[in-house]
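See below for the structure under consideration.
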Amino acid sequence: MKIEAKINAVSPVIEGTSSRTGKEYRLCEVVLEVAQDGRYDYILAKAFDEKCDFCQQYDMNSQPLVAVNVEMFVDNGRGFSARKYMSCSIGSIEMA
C-alpha cells in the first residue's frame, strides 16, 4: 500500500544475524503518521537495512512528508493455540 506520511518516531537500531540465511541485518521500528479527512492514523512498521538508515537520518524537527510502500501480512504466533496477528514492514521509502 503506497501512502504519504510523516515519520512520528523511530526506535533505536537493532543489529543481528538471520538464523535462516546467516546474513547480517539492521532493523528499527517506525511510527508513520498519516493524515486523512482531518484526522490522524498511525502505523507501526519495521524498516530493514537501507530503509532503517533512511529513517534514522530523517529530520524529526521539520518532519517532511515521505512516500512509503507499506507491506502488510498476517503472521502466526507461537505455541499450541497461537493467534494470528498483523505485521507491517516498509518495502520502500523516499522523500515525497
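The values are calculated or read from the model by the stated rules, or taken from the named source; none is laboratory data. Since the model is a prediction, treat every value here as computed from it, not as a measurement. Counting neighbours? That spans all protein chains shown, and the Cβs are built from the backbone with ideal geometry, glycine included. For accessibility, only protein heavy atoms count, side chains too; no ligands or nucleic acids. Shrake-Rupley method; radii C 1.70, N 1.55, O 1.52, S 1.80 Å.
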Condition set of a type in the set (Asp, Glu) and either out of contact with any strand residue (DSSP E or B) (no Cβ under 7 Å at 6 or more places or on another chain) or without any contact (Cβ under 8 Å) to a residue 24 or more places away in the chain (or both), scope segment 1-51, selection least open to solvent (accessible area, probe 1.4 Å): answer is 41
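Could we say that residue 54 is among the aromatic types (Phe, Trp, Tyr) and surrounded by fewer than 10 Cβ atoms within 10 Å (Cβ to Cβ) here?
no
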Looking at residue 19, is it at pLDDT below 95 and assigned to a loop (DSSP other than H, G, I, E, B)?
-> yes
Listed by first then second residue, the pairs whose first member lies in segment 73-96 and is open to solvent by 40 Å² or more (accessible area, probe 1.4 Å), whose partner is modelled with pLDDT under 95 and among the hydroxyl-bearing types (Ser, Thr, Tyr), with beta carbons under 6 Å and at least 6 positions apart or on separate chains, are 73/87; 75/85; 75/87
Conditions (1) without any contact (Cβ under 8 Å) to a residue 24 or more places away in the chain; (2) farther than 11 Å from residue 7 by Cβ; (3) of a type in the set (D, E, K, R) -> residue 59 fails only (2)
